[in-house]
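Each remark here refers to the structure printed beneath this line.
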């Protein structure tokens, strides 16, 4: 039976994971892409990316979604969906939250996968780009979750 998750359960799933699917609109068409994220305790998701289609699209239409799934089997899974607002960060805020992102994702990977990484470049190819990454947050407006087999 499928059940609704409480907000606390949804936040635990976000906090304990770092991979999700970002949904955004570009020229009236929906796109969904895999991303690495970090749940920040201030009711937001921290991410970063290089310049391109995704960032340009979110600058024009800041309404986004993020889906995070934990699947053990077809009959045992949990899923969270966030609706939120894209906000590009700059200067000291961007630097501070990129550091939080790096440390947070490294900690989750160490717990879940028993890998001990030293730098963001060990889990992200974006840091090998020549240009400075765009750091952004998704301010959570609404969060829902479902589960089966729990």
| Approximate spin-label separation residue 9-residue 92, in nm, with each point projected 7 Å along Cα-to-Cβ | 4.2
| note | In the list (1) 2, 9, 18, 20, 17, 12, 9, 6, 4, 2, 1, 0; (2) 2, 8, 14, 14, 12, 9, 7, 5, 4, 4, 4, 3, 3, 3, 3, 2, 2, 1, 1, 1, 0, 0, 0; (3) 2, 9, 18, 21, 20, 15, 9, 4, 1, 0, the entry giving P(r) over Cα pairs in 5 Å bins from 0, in percent computed from the coordinates is (3)
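If each DSSP helix of 4+ residues adds -39,500 (n - 2.57) and the sum is divided by the residues in the chain, what number results at 222 nm, nearest 500 deg cm²/dmol? It would help to have the intermediate numbers written out before the result.
Numbers: 3 runs with 40 residues, N = 150.
For the chain, the value works out to -8500 deg cm²/dmol.
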| Using a Förster distance of 30 Å, how high is the FRET efficiency between residue 51 and residue 142, based on the Cβ-Cβ distance and rounded to 0.05? | 0.60
| request: Grab every C-alpha pair in segment 24-81, bin the distances at 5 angstrom width from 0 up to the longest one, and report whole percents. | output: 4, 14, 23, 23, 17, 10, 7, 2
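Once you have the Cα-Cα distance between residue 99 and residue 131, take 0.36 nm times their residue separation minus that, and quote the gain in nm to one decimal. Don't skip to the answer; put the middle values down first.
Details: separation 32, 0.36 × 32 = 11.52 nm, distance 1.73 nm.
Computed gain between residue 99 and residue 131 is 9.8 nm.
Full extension from residue 85 to residue 70: what is 0.36 nm times the residue separation minus their Cα-Cα distance, to one decimal in nm?
3.1 nm
Each value in this text was obtained by applying a stated rule to the coordinates, not by laboratory testing. Note that the coordinates shown come from a computational prediction; the quantities given were computed from them, not determined experimentally. All Cβ positions, even for glycine, are placed from backbone atoms using ideal geometry, and neighbour counts span all protein chains on display.
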